[in-house]
Every structure is written in C-alpha cells, then in structure tokens.
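The values are calculated or read from the model by the stated rules, or taken from the named source; none is laboratory data. As the structure is a prediction and not an experimental result, all values here were calculated from the model. Ideal geometry is used to build each Cβ from the backbone, glycine not excepted, and the neighbour counts take in all protein chains shown.
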Amino acid sequence: MIECKGLVAAFEAADATLKAANVTYKGQHRVGNGLVALFFEGDVSAVKAGIDAGVAAGGKLGQIVSSSVIARPHEDTVKI
C-alpha cells in the first residue's frame, strides 16, 4: 500500500506501480485531509518492486506519507 497526500500524486504512484510490476490494483481509500491510500496485490517481490517505483514517481508530484508491503496478510486485515 502507498499513502499519498493529494490525488494527483496518488494517480502518478498508481500508474507507475502498475507499469513497473505484475501487480493488481485493489482499490483506494480516501483517508481525509487529502490523504489517499492505494492498495495492490500480487507476488511479494512484484509488489515490492511496484511500490518502490510508485513511491519514487508519486514523490515527484506530491508527498508520499508512507508505504508498506504486507506478505500474506490475515483475512481480517483486509476488512479494515
């Protein structure tokens, strides 16, 4: 997941993530105050590579607040 400040940075981060690796976009959550959390799914190594590319691209247009890759998340984690 990538958390960005600003929708334009989120679009840029999502685009770069999807182009850089074989990952699937799972959705977004607008946290509030301009924060947008983006969610991706795929092989752990592919997601890490995609997230790294997304963070680099999104950081050029806005602020990346945080990023994280959770390998094999518990089924209840996705409900949050």
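Within region 42-56, the residues that satisfy the criterion of being closer than 20 Å to PRO73 by Cβ and either at pLDDT below 95 or not charged (D, E, K, R) (or both) are GLY42, VAL44, SER45, ALA46, VAL47, ALA49, GLY50, ILE51, GLY54, VAL55. For region 27-60, filtered to residues that are of a type in the set (A, V, I, L, M) and over 14 Å from ALA9 (Cα atoms), the residue that is surrounded by the fewest Cβ atoms within 10 Å (Cβ to Cβ) is VAL44.
When the strands (runs of 3 or more DSSP E) confined to the chain are screened for residues that are among the polar types (S, T, N, Q), those reaching at least 1 such residues are found at 24-32, 63-67.
The one condition from (1) without any contact (Cβ under 8 Å) to a residue 60 or more places away in the chain; (2) buried (at least 16 other Cβ atoms within 10 Å of the Cβ); (3) not β-branched (Val, Ile, Thr) that SER67 does not meet is (1). Selection within region 1-11: residues that are without any contact (Cβ under 8 Å) to a residue 60 or more places away in the chain and surrounded by fewer than 20 Cβ atoms within 10 Å (Cβ to Cβ). The member of this set that is nearest to the chain's Cα centre (by Cα) is PHE11.
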